[in-house]
Amino acid sequence: MKLRLAQIAHARSGDKGDIADIGLFAWEPTGYAMLAKQITADIVQQHLKHLWSEKINLNESGQKNKQIDRFDLPNLLALKFVLRGTLNGGAASSLRSDNLGKTVAAQLLRLEIDVPDHEATAVLKATEQALVNF
Amino acid sequence: MKRIRLTSGLGFYGDNWHPVLAAIERGDVDYVCSDHLAELTLAILQKDRLKDPNTGYTRDLVPMLTRLWPTASSRGVKFVLNAGGLNPRSAAEALQKLFAEKGWRARIAVVTGDNVLPLIEQIQLGGNDLQHMDTGAPIESVRDQIIFANAYLGAQPIAQALAKDADIVITGRVADAALFLGPLIFEFEWDAADWHRLAQGVTAGHLLECSGQGTGGNFGAAGVWQRIPDLAHIGFPIADVGHDGDVIICKAPDSGGRINFHTVRQQLLYEVHNPRAYVTPDVILDMSELELKDLGNDRVSVSGAIGTAAPNQLKIVAGYANGWMGHIVTGFCWPDVLRKANAAVNTIRLMMQEAELQYDELCVEFIGHNAFLGPHATPAEEDAINEIWLRMAIRTQDKKQADAFPRLFPWLALSGPPFMGGFHGIPPASQLIGLWPTLVPRRLVETQVSVDILK
C-alpha cells in the first residue's frame, strides 16, 4: 500500500544562502528503518526537482554542482537532506513567497512510498504507539 | 557544584520578548542570550544604514531592554545580544542613551571587528580569491556590487566582555551558538581547546538560538502539532548547564510549549547541514553520538556531543546588490478562479511582451492553492475553490522595470476577468541582495576584534 511520509514522520526545513536543509524524523525505530531504506537522496531530488533553478546552479565551469546530500542519524531516528541551489538564489534574492524554504519540509512530507501491506500496518501501529505519550 | 542557566532571548529580529520575561521571572536564569540576526537580517539592516549611517542595528534592542531590564537587573540577569547587526557601536550607544534617560546603571560592552568589508582587497592581495563556499565561483563576479561583508566571530570576545564585568554585551555578527557558549566559557573557565565541553555548549546554544522552535513552535508534524500546549504562552528553551558540560533543556514553569525527544531533535538538526561536522568558530561539532534523554515534565538531557578542533578559517557572508524584484498580489473570487487567474497571467505576459519589459525571470504563484506546495498541491476542482490570490514577481537588473511591472495590473479591475478584489496598491520595487558565503584565515579577522566597555 501507499504511505505518505506525513503518516510516519515529522520534518522541519530552513535555509543557508541558496541551500535548503531538511530534517526528517521517524516517530520510532521501524519507521526509521523504512525511511533509511526508501528515502534516498535520489528520491528526494526527484520529488523536489522543481526547486532547482538551472541557471543559478552552475559553477564557474558551467557544470552542475553536487546537488543533494543525505546524512543518517540513527541516534536521533533522523535523516538530514541538504539541497544546494534550491532557494531561487537565497532568501534576499528569491522571488518566491516562501523565500526561506520553511515549507519545503511540508512538500517532503507529501511524498508517497510503496510499502508491503504488512510492513505499512506494522509501522503505522508502532507510530500510533509512540505517539500515545507525546 | 555551580550550574548556569541560559535562556533563549529572541530567535530573530521581530520575535516576541514576553517569553523571555517569563524566563527571567520564573525560570531562574543567569543569562539571556538573544539572536537577532538571521542570515537575511544584515541585508535588511544594510537598507536602513544606507538611509542613515547611525542605524544598521536591530531596532527591537531598545524597546526590548526597556521592558526587560528592570526585572532582569533586580535578579542579576545579564544579556548577550547580537542586536548590533552592522553597527554594534551605535546600538550600544542607543542603549546607553536609554539607560541615561531612565537613570539605570549597567556596564555595556560592545564587540566589534566582524566587519571585514575594508579587508577584502587586502585578503585578495594575499592570494585568497574568496571563492563561494557552495559553488566555488571567484568573488570577482560580484566584487563591485558588495555592500557588506561580515565574519562570524566566536564566543571568546563575548567571554572577554563578561570578564570585564559587562552586564550587557552587544555584538555584531557572531555564530549564533557563540552567544550562548560565551557565558559558559566565562563562568566555567573552559579552556579554548576543551573540545568536549565546548561541543556540549555549542549544542545547548544551537538548541536555544531559535527561541520557540526549541519548545515545540513550528513543530512540523501533521496531526500532532495540535498537542503542543498553549502556544500563545510558549516558554522559550532554557539550558541548565554544569561545569562538565552536562546539559538539561527545560523552560519556565507554567509556560506553554513542549520539550520532549521529538521537539528537541527537530531543532537539533535545524539548518546544520552536515551533522557530523557542524562547523562553528569555536569547535566543530559531531552530533552522531548525541543522546537526548526525555526526563519527563518538559525536560530533556543532552549528552555525547563530540568536539574536534576549531577551524583555521572563519566564515564570512558578504551581501551584494543582485538586481530588483517587481511584484504584485491580487485576488479572484469564485467562479472559475484558476481559469480567471490563468487568463490574467496570460494577459500580463502579453502586455510585458508588447511593452518590451526587460526581465530575467518571472514567478507566478496562486496563493491559497500552490504557492508553497508547487507541483505537490492537490489538483483542485474549479468549483471547489472559493478564492485565490494571484502573485506575480519578476527579477530584473533595472529598477525602473521592476517599478513598471505592478503598474500593468490595476486596469484588470475594470477590463479583466470578473470578481477581482483585494487589490491593495502597488508595491515599490524591492532590491534583491545576494549572499556570498566564503572563508578567510581567522587571524586576519581576529587581529581586528575589540571588546570595549562603554564609558
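The values are calculated or read from the model by the stated rules, or taken from the named source; none is laboratory data. Model, not experiment: these values are computed from the prediction. Neighbour counts are summed over all protein chains in view; Cβ atoms, including those assigned to glycine, are modelled from backbone coordinates with ideal geometry.
Considering only residues that are in contact with a helix residue (DSSP H, G or I) (Cβ under 9 Å, 6 or more places away or on another chain) and free of Cβ contacts under 8 Å to residues at least 40 places away in the same chain, look in the range B:64-88 and name the one that is surrounded by the most Cβ atoms within 10 Å (Cβ to Cβ).
Step one: filter the range B:64-88 for residues in contact with a helix residue (DSSP H, G or I) (Cβ under 9 Å, 6 or more places away or on another chain), giving B:64-72, B:75, B:77-87.
Cutting the leftovers down to free of Cβ contacts under 8 Å to residues at least 40 places away in the same chain gives us B:66, B:69-70.
Values: B:T66: 15, B:W69: 21, B:P70: 11.
It comes out as B:W69.
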When you scan the range B:355-377, do you find a residue that is in contact with a Phe, Trp or Tyr (Cβ under 7 Å, 6 or more places away or on another chain) and either away from chain A (no Cβ under 14 Å) or closer than 30 Å to B:A161 by Cα (or both), even just one? yes
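Report, by residue number, each residue of the range B:415-440 that is part of a strand (DSSP E or B) and within 13 Å of chain A (Cβ to nearest Cβ).
B:S430, B:Q431, B:L432, B:I433, B:G434, B:L435, B:W436, B:P437, B:T438
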Please indicate, with yes or no, whether at least one residue in the range B:382-389 is part of a strand (DSSP E or B) and either surrounded by 18 or more Cβ atoms within 10 Å (Cβ to Cβ) or within 14 Å of chain A (Cβ to nearest Cβ) (or both). yes
Hey, B:Y359 surrounded by 16 or more Cβ atoms within 10 Å (Cβ to Cβ), assigned by TED's automatic domain parsing to the domain that holds B:V445 and over 22 Å from B:P427 (Cβ atoms) or not: no
Scan (1) aromatic (F, W, Y); (2) surrounded by 19 or more Cβ atoms within 10 Å (Cβ to Cβ); (3) within 14 Å of chain A (Cβ to nearest Cβ) for the single condition B:W225 breaks and write down its number. (2)
Within the range A:1-38, count every residue that is under 30 Å from B:V317 (Cα atoms), charged (D, E, K, R) and assigned to a loop (DSSP other than H, G, I, E, B). 1
Considering the range B:1-28 alone, what residues qualify as being under 25 Å from B:P88 (Cα atoms) and either aliphatic (A, V, I, L, M) or surrounded by 24 or more Cβ atoms within 10 Å (Cβ to Cβ) (or both)? B:L6, B:T7, B:S8, B:G9, B:L10, B:G11, B:P19, B:V20, B:L21, B:I24
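Would you confirm whether any residue within the range B:338-347 is among the hydroxyl-bearing types (S, T, Y), assigned by TED's automatic domain parsing to the domain that holds B:E121, touching a residue at least 40 places away in the same chain (Cβ under 8 Å) and in contact with a Phe, Trp or Tyr (Cβ under 7 Å, 6 or more places away or on another chain)?
no
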From the residues in the range B:254-271 that are more than 7 Å from chain A (Cβ to nearest Cβ) and among the hydroxyl-bearing types (S, T, Y), which one is surrounded by the most Cβ atoms within 10 Å (Cβ to Cβ)? B:T263
Look at B:V241 and say whether it is over 21 Å from the mean Cα position of the chain (by Cα) and not assigned by TED's automatic domain parsing to the domain that holds B:A402. yes
Tell me which residues, restricted to the range B:98-140, are within 14 Å of another protein chain (Cβ to nearest Cβ), of a type in the set (A, V, I, L, M, F, W, C) and free of Cβ contacts under 8 Å to residues at least 60 places away in the same chain. B:A137
In the range A:107-134, which residue that is surrounded by fewer than 19 Cβ atoms within 10 Å (Cβ to Cβ) and farther than 19 Å from A:Y32 by Cβ is farthest from the other protein chains (Cβ to nearest Cβ)? A:D117
Could you list, in sequence order, the residues of the range B:390-414 that are within 27 Å of B:P335 (Cβ to Cβ) and assigned to a strand (DSSP E or B)? B:L390, B:R391, B:M392, B:A393
I need a count of the residues in the range B:275-288 that are more than 19 Å from the chain's Cα centre (by Cα) and either part of a strand (DSSP E or B) or at the interface with chain A (Cβ under 9 Å from one of its Cβ atoms) (or both). 7
Where residues in the range B:237-274 are of a type in the set (D, E, K, R) and part of a loop (DSSP other than H, G, I, E, B), which of them is farthest from B:L198 (Cα to Cα)? B:D254
Qualifying position, being crowded, with 24+ Cβ neighbours inside 10 Å and within 26 Å of B:E271 (Cα to Cα), among B:A91, B:A43, B:A38: B:A43
Does any residue in the range B:190-218 that is surrounded by 24 or more Cβ atoms within 10 Å (Cβ to Cβ) come within less than 9 Å, Cβ to Cβ, of a residue that is in a helix (DSSP H, G or I) and of a type in the set (D, E, K, R) six or more places away or on a different chain, and which pairs are these? B:G216/B:R227
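Could you run through the range B:420-454 and say how many residues are among the small types (G, A, S) and crowded, with 16+ Cβ neighbours inside 10 Å?
Here the count works out to 3.
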Does A:G85 satisfy the condition of being facing chain B (nearest Cβ under 9 Å) and on the phi > 0 side of the Ramachandran plot? yes
For B:C333, state whether it is more than 24 Å from the chain's Cα centre (by Cα) and within 11 Å of chain A (Cβ to nearest Cβ). no
Residues in the range A:94-106 that are at the interface with chain B (Cβ under 7 Å from one of its Cβ atoms) and in contact (Cβ under 8 Å) with a residue 60 or more places away in the chain: how many? 3
If I filter the range B:317-324 for residues that are modelled with pLDDT of 95 or more and closer than 30 Å to B:G216 by Cβ, do I get at least one hit? yes
